[in-house]
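The values are calculated or read from the model by the stated rules, or taken from the named source; none is laboratory data. Bear in mind the structure is a predicted one, so any value in this text is a computation, not a measurement. A quick note on method: Cβ atoms are made from the backbone with ideal geometry, for glycine too, and the neighbour counts reach across all protein chains shown.
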Amino acid sequence: MLFPWTRILRVSFPPTGLKVALVGLAVGLSTGWAQPADFARTEITAAGLAAQRPAPQVAFETEPSLGPQAYRIQKGSDGHFIISAGDAAGAMYGGLDLAEALRLGTLEQVGDTLHRPYILNRGIKFNLPLDLRTPSYSDCSDAAQANIPEMWSIDFWHTFLDEMARHRYNVLTLWNEHPFPSMVKVPEFSDVALDDVWRTKAKLDDDFEMTGTNMVKPAMLADHEVVRKITIDQKIAFWNEVMRYAQDRGIAVYLFTWNVFTWGATGKYGITDEMTNSTTVAYTRASVRAMVKTYPLLAGIGITSGEHMPGNENARETWLWSTYGEGIRDALKDQPGRVFPLIRRYLQRNASVILRTWKDYPGPFAFSLKYSSAHMYSIPNPPSSLSGYEYLPPEMKTWLTVRNDDIYAFRFGDPDFTREYLVNMPPAEKLIGFYMGPDGYTWGREFLERDPAPGPRQLVMEKQWYSFMLWGRLSYDPTLSDLHFARVLGARYPGADANDVFSALQSASQTMPLITRFFWRNFDFKWFPEACFSHRQVNGFCTVRHFIDGVTMPGSGVIDIRTWRQNLREKRPMGGTTPGQIADSLNGYAREALSRVEILRSAGGAAQNPESELAKTLADCEALGWLGRYYAAKIRGACALALYDVSSDPADQAEAVRALQTALVFWKRYAAVRNAHYVPALFNRVGLVDVMALTSKVEADVEIARTWTPGAANAKNDRAP
């Protein structure tokens, strides 16, 4: 039975389309958020919902002229609804809209509306930790190791894909350095296929190469556990089921690889990770062919060069064509009519070499550009938005890789930033779509929470549902209003003032963009704003000295401390946002977030129940509020110390010490809140992050100011981002 309170009047879709259309209602209505606890929290049962609200009667009709993913909702004279859709995905989204209106109590307000996707392809970048022997780029982290068993749980993927559909994502990109031994059987290299799923029991450290070349160490293999007994045939059936379930939700699944890696195959048949090894070329080509033929629902493959590919551009591209290009072409000869896109990650170079090499590719060929470097939470209009297009043919569209290596633990919730970021993406004539996600964290189940609820841990996408909702819904329709999201929050947290929750989340969410545009380091291992930290091979904790020497994000309009100091001393116009203005903004938003948190807590109810989602959301807002105040005080301390460096005025030094002492107070409050809710963790490319342990580094900033020698900042420093 679908639902006792929904009646389908008629359907003109074919059976497959009907299935996807009904998924929209099923996912949207079954429990509201696919969490049984939600009904208990709101004291609403399925029967009670049917009694309290009118039963929507829905007719689904095809209208191909609307276009892909588009739908029209009309209200009939007798109160029933007609969803006319360009395809099954559009029908599903229309069903989700009606389900949401029922949940929010706004069904009576639904009028005649037309909806088309603003960005056609809206995706998730998911680094896939398949197995110790076939790692992803994120496997040297606690989150990836904890999630290896989850990657082989169909319940995990059902929930994950339901959540994607609910938030209007329609592309899932799965990234792994060399997935073939864990996913396919290659007839010519039959001994390569791997049964079972392994995970290391060895304690990991941060001594992994940034290029992924030592992701599997002998000690890790020597001390391993089997977390699931499963044959390669069962693995193939599993991933075919995942892709089928995704298709039923309008989601296309792509596989991305880094190169050249041969994890799981190295040493067999003479296979190595050397480009010049002809056996490796033959093996990789055969593996690609097997992947395409084994998974008829696989939407395409994405590839890159440079991670572990020596040689010149021609040699690298020739290798990629000889393996992936020829392998796909082999497979498509046996599957005429199949459309199989290839996405070539592109680092704004060698476009002519790539285009020449791939001119005979038998399907759609597209580039993917990295957008905002590793920091999507910086500015909403990164200057690289069109960089690289000048090297491409005018008619060529691209994908965007949007990296979120700014926020791992906390909940983000600023629709204004999200909306502005999305509308500043390249125009439709240049953009195929985007996929967003981290390299330093795994968006599987959440393993950072210190005291999780009993049972399986939440998915990251469930915990950070509001963030995923903002990015998914606004990329489909950026005109969706703040009022709509406030209503969603009100329905999610009954009894709490929705405007206060909305404001607390929005204000707290300013901390990361403000500090990252001020203290800019383009790669994730150089800057992790949750901890004022970088990998130890860079400098570890970022001190007040680093802030004095730091640069700001290009295109942000923010001036750095040295430029500010020079303009101040020479009485020149500042020519941009000053460090002090950034500090003022951080303080202002932080105070607003902390104030709203206090108001919500004082109102009682779920906000005072530490086990409730609302209380945990407010704890995130509080933590980000104190972190924002810390960064504001640290910036002021760095400015005062920079002045002392050239003035030798003890008053400037005293001001620096006072500001950094204040920063220490705020850091301790931040660390206490964070530590109460989240455990220290090893992250890929950043290393071990323990904010309580970093308190001694924050204290050392005060001593740096007390013992500063004027002129010390004039020494040559590496200020490159």
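Numbers at a glance
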{"quantity": "Filter pass, ASP195 being more than 30 Å from ILE154 (Cβ to Cβ), part of a loop (DSSP other than H, G, I, E, B) and outside the structural domain of GLY687 (by TED's automatic domain parsing)", "calculated": "no"}
{"quantity": "Flag for TYR169 being touching a His at 6+ places or on another chain (Cβ under 8 Å) and within 27 Å of ILE303 (Cβ to Cβ)", "calculated": "no"}
{"quantity": "Residue in region 450-460 that is surrounded by 23 or more Cβ atoms within 10 Å (Cβ to Cβ) and assigned to a helix (DSSP H, G or I) present", "calculated": "yes"}
{"quantity": "Positions within region 84-128 being surrounded by 19 or more Cβ atoms within 10 Å (Cβ to Cβ), among the basic types (Lys, Arg) and closer than 21 Å to GLY433 by Cβ, in sequence order", "calculated": "ARG122, LYS125"}
{"quantity": "Selection status of THR279, in the same structural domain as PRO179 (by TED's automatic domain parsing), free of Cβ contacts under 8 Å to residues at least 12 places away in the same chain and either under 30 Å from VAL242 (Cβ atoms) or not in a loop (DSSP other than H, G, I, E, B) (or both)", "calculated": "yes"}
{"quantity": "Odd one out for GLY79 among (1) in contact (Cβ under 8 Å) with a residue 24 or more places away in the chain; (2) on the phi < 0 side of the Ramachandran plot", "calculated": "(2)"}
{"quantity": "Test: GLY300 is closer than 19 Å to GLY437 by Cβ and not acidic (Asp, Glu)", "calculated": "yes"}
{"quantity": "Hits in region 332-353 (condition: outside any strand (DSSP E or B), crowded, with 18+ Cβ neighbours inside 10 Å and aliphatic (A, V, I, L, M))", "calculated": "LEU332, ALA351"}
{"quantity": "SER507 vs. criteria closer than 16 Å to SER585 by Cα, outside any loop (DSSP other than H, G, I, E, B) and in contact with a Cys (Cβ under 9 Å, 6 or more places away or on another chain)", "calculated": "yes"}
{"quantity": "Residue that is nearest to the chain's Cα centre (by Cα) [pool: residues in region 146-160 that are assigned to a helix (DSSP H, G or I) and crowded, with 24+ Cβ neighbours inside 10 Å]", "calculated": "PHE160"}
{"quantity": "Output for region 470-482, where each listed residue is of a type in the set (A, V, I, L, M) and buried (at least 22 other Cβ atoms within 10 Å of the Cβ)", "calculated": "LEU470, LEU474"}
{"quantity": "Region 171-197: number of residues that are among the basic types (Lys, Arg) and under 20 Å from PRO129 (Cβ atoms)", "calculated": "0"}
{"quantity": "Strands (runs of 3 or more DSSP E) lying entirely in region 56-106 (those with 3 or more residues that are under 28 Å from ALA498 (Cβ atoms))", "calculated": "71-75"}
{"quantity": "Some residue of region 465-487 being at positive phi, touching a strand residue (DSSP E or B) at 6+ places or on another chain (Cβ under 8 Å) and assigned to a loop (DSSP other than H, G, I, E, B)", "calculated": "no"}
{"quantity": "Scan of region 115-133 for residues that are in a strand (DSSP E or B) and touching a helix residue (DSSP H, G or I) at 6+ places or on another chain (Cβ under 8 Å), ordered by number", "calculated": "HIS115, ARG122, ILE124, ASN127, ASP131"}
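Let's see how each residue does on (1) among the aliphatic types (A, V, I, L, M); (2) assigned by TED's automatic domain parsing to the domain that holds HIS167; (3) buried (at least 22 other Cβ atoms within 10 Å of the Cβ); (4) under 27 Å from CYS621 (Cβ atoms):
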| residue | (1), (2), (3), (4) |
| --- | --- |
| GLY495 | no, no, no, yes |
| SER507 | no, no, yes, yes |
| THR511 | no, no, yes, yes |
| ASN539 | no, no, no, no |
| ARG562 | no, no, no, no |
| ARG565 | no, no, no, no |
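Table: residues versus (1) modelled with pLDDT of 95 or more; (2) over 22 Å from VAL702 (Cβ atoms).
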site: ARG517; (1), (2): yes, yes
site: LYS526; (1), (2): yes, yes
site: GLN537; (1), (2): no, yes
site: CYS542; (1), (2): yes, no
site: MET553; (1), (2): yes, yes
site: THR563; (1), (2): yes, yes
site: ALA590; (1), (2): yes, no
